[in-house]
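Structure first, commentary second.
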Amino acid sequence: MPKVKVDGVELEVPAGATVLQACELAGKEIPRFCYHERLSIAGNCRMCLVEVKPGPPKPQASCALPASEGQEIRTDSEMVKKAREGVMEFLLINHPLDCPICDQGGECDLQDQSVAYGRGASRYHEHKRAVTEKYMGPLIKTTMTRCIHCTRCVRFSEEVAGVDEIGALYRGEGMQISTYLEKAAKHELSANVIDLCPVGALTSKPYAFEARPWELKKTLSIDVSDALGSNIRLDSRGREVLRALPRVNDDVNEEWLSDRGRYMVDGLTRRRLDKPWLRRDGKLVAATWAEAFDAVAKINPGASVAVIAGDLVDCETMFAAKKLAGALGSSLLEGRQTGLAYDCSNLAAVNFNSTLAGIEDADAVLIVGSMVRDEAPLLNTRLRKAVKKGAKVFIVGPHWDPTYPATFLGDDLAVLGNLPADVADLFGKAQKPAIIVGGGALAKGALAPALAFSAQFNLVRDGWNGFNVVHMAASRMGGLMLGYAQKGGIADLVAAKPKMVISLGADEVDFTKFAGSMIVHIGHHGDKAAHAADVILPAAAFSEKDGTYVNTEGRVQYAEKAVFAPGDAREDWTILRAMADALGVSVGFDSFEQLRAAMVAEVPALGVEGLADYGALPAAPADAKAEGVIGYPIKDRYLTNAIGRASPTLQRCSAELLHGETFAEAAE
């Protein structure tokens, strides 16, 4: 490890570190625009200049200079100060004075650094250049006159997303950043360039002119649009969530967020259920809470009750419903709405055991029945990293573009037990082989053959577990931990013909199969389940309550309440507690704290933030065979849940980016 001196303080830095990283280890702040720790080094903004000895007697770009033994680095000398002022003066030659109308105002790197490192006045009086606007789709608003050519957006698209959609045209002062042929950016991570842009060139189109950052209340939460449990921050004003931004968590989402998770928040205020409804003479009519609970009490179901958990619900809601069903004498609980019926007796067999960060170390990966870019977009970025390190990826399922080299082995599940000889040889020699089983494969009974594959190629070895299942519902792993799984799946509930079916936001269920049951829907959006329900009890969305979520790798995480539910809607657990009173049973809790304590007492893992321990992988059944053509379950990656289907932004993304519809802009 080389030793360097930074402003007179000696320290050791890791081999391969840059001078900029050495300065940061010494606690010095180095201004930068083009450098980003998760992207390749460009060295083109020149803001990070420092003085280095031995070396030429001039400032040097610290982001592109390796730290080496004996260097003396000055970050505060007069030369460095003057050089940074000069660079900032150059950057501002053409930058427009847009701050009062720019959405980046208040959280802009250029603003902050011009105050901290700029001269305070410019010596240039030439006309500022102007750049024609670019069209980057319904999510990204462009004002390219503000662009300082840091190329972060270009590098993100190429290196992280793996989609060459953004690039540079022309040279010198005529250089412009644009999408290919000025088409919309269509990939599933496109809006991350908004966070990366250090100026106001790329901003959020749906959020344009909505608020300033200092007006907003910031709440830590969890993204429920998929099962990865990305860490997010909800920014709200009054009773409305205005935007969702990613939080840094290297174990889960690094600092990225899928477009679906980022933009579904504008669906939180639309199509909301804000009062109870009862079905009378075939039509839904508005009611009071008292009338709704009277209707529930009249059902008098006894033990003939079933509970179906939706994809977005938290563990506390599921536990409260479980206690209610248990008090009535029922254990009919199910969370797999679409009919999946895989074996859940050992949760290690349905967990992403490699962990999201760990899959980057795999050297051979078999993806079975998962279109990863739609089902878990940020898992795809991890697989790209694995491929960059030399991993080979093979896919069983219909063809899709994975953004990295991959070999498709066909779409018949039978190939799992009869791999081509060269593929089998590669997995036999791999140091860290892995399999990823998706929803399309689980629907065809692929769990047992996948376990057999794991045993055949020794996927579980010292320090490595390569057996992985990727779920698509934020509530799935928490539901399985709480027992929301029947042996035969939802078919067991249909066969039981319950008098009352409690839907916890279960909008993907085919309720025609429960034609003889009274359907009580506890949900927040007027979506599919509300159309089938006999009693609708308006509940809180994920942003309107505290909750525990477990992601597909078994990581327990907590979300906080950002805003209050609209109208007469209430938090789910309070509705279930009141239902218990209406039905004359006791559930054993009267407050959220008591509920969470009871849940943790029953499932201790839910009380510890971090990875849950599910034990060892079970042995594969002897008759582990599967066949059949795989189909991917997600048909529209933007409209996968009730909130997304209510979001005008995601509706437009679906129409324009997936279905090719055209939208005229205001000037057209």
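Kindly evaluate A184 against the criterion of being under 29 Å from A386 (Cα atoms), assigned to a strand (DSSP E or B), touching a residue at least 12 places away in the same chain (Cβ under 8 Å) and open to solvent by 10 Å² or more (accessible area, probe 1.4 Å). Please lay out each step first, then the result.
Working: under 29 Å from A386 (Cα atoms): yes; assigned to a strand (DSSP E or B): no; touching a residue at least 12 places away in the same chain (Cβ under 8 Å): yes; open to solvent by 10 Å² or more (accessible area, probe 1.4 Å): yes.
No, not satisfied.
Considering only residues that are hydrophobic (A, V, I, L, M, F, W, C) and closer than 15 Å to E188 by Cα, look in the range 246-272 and name the one that is surrounded by the fewest Cβ atoms within 10 Å (Cβ to Cβ). First the steps, then the outcome.
Kept after step one, since they are hydrophobic (A, V, I, L, M, F, W, C), are these residues of the range 246-272: 248, 252, 256-257, 264-265, 268.
Still in the running and closer than 15 Å to E188 by Cα: 256-257, 264.
Details: W256: 22, L257: 27, M264: 26.
Filtering the range 246-272 for residues that are hydrophobic (A, V, I, L, M, F, W, C) and closer than 15 Å to E188 by Cα, the one surrounded by the fewest Cβ atoms within 10 Å (Cβ to Cβ) comes out as W256.
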T219 being surrounded by fewer than 22 Cβ atoms within 10 Å (Cβ to Cβ), in a strand (DSSP E or B) and β-branched (V, I, T): yes
Matching residues, the range 17-60, being open to solvent by 40 Å² or more (accessible area, probe 1.4 Å) and of a type in the set (V, I, T): I41
Considering residues of the range 200-216 that are surrounded by fewer than 24 Cβ atoms within 10 Å (Cβ to Cβ) and part of a strand (DSSP E or B) only, the residue nearest to the chain's Cα centre (by Cα): S204
Entirely in the range 50-161, the helices (runs of 4 or more DSSP H) that have 3 or more residues that are modelled with pLDDT of 90 or more and more than 30 Å from Y404 (Cβ to Cβ): 78-91, 109-117
Given (1) of a type outside the set (S, T, Y); (2) without any contact (Cβ under 8 Å) to a residue 40 or more places away in the chain; (3) open to solvent by 40 Å² or more (accessible area, probe 1.4 Å), number of the condition D636 does not satisfy: (3)
Contacts under 6 angstrom Cβ, first residue in the range 166-177 being without any contact (Cβ under 8 Å) to a residue 24 or more places away in the chain, partner in a helix (DSSP H, G or I), 6 or more apart: G167/V154
Subset of the range 254-283 (residues that are in contact (Cβ under 8 Å) with a residue 24 or more places away in the chain and in a loop (DSSP other than H, G, I, E, B)): E255, W256, L257, S258, L268, T269, R270, R271, L273, D274, K275, P276
Qualifying positions in the range 315-325 - open to solvent by 30 Å² or more (accessible area, probe 1.4 Å) and more than 11 Å from A580 (Cα to Cα): K322
Given (1) under 22 Å from the mean Cα position of the chain (by Cα); (2) more than 30 Å from T142 (Cα to Cα); (3) in a strand (DSSP E or B), number of the condition L312 does not satisfy: (3)
Hits in the range 549-607 - residues which are surrounded by 17 or more Cβ atoms within 10 Å (Cβ to Cβ), of a type in the set (D, E) and part of a helix (DSSP H, G or I): D572
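The values are calculated or read from the model by the stated rules, or taken from the named source; none is laboratory data. Predicted, not measured: the structure shown is a model, and the values here were computed from it. Here Cβ is always computed from backbone atoms with ideal geometry, including for glycine, and neighbour counts include all displayed protein chains. The accessibility values were calculated without ligands, DNA or RNA, using every heavy atom of the protein model including side chains. Shrake-Rupley method; radii C 1.70, N 1.55, O 1.52, S 1.80 Å.
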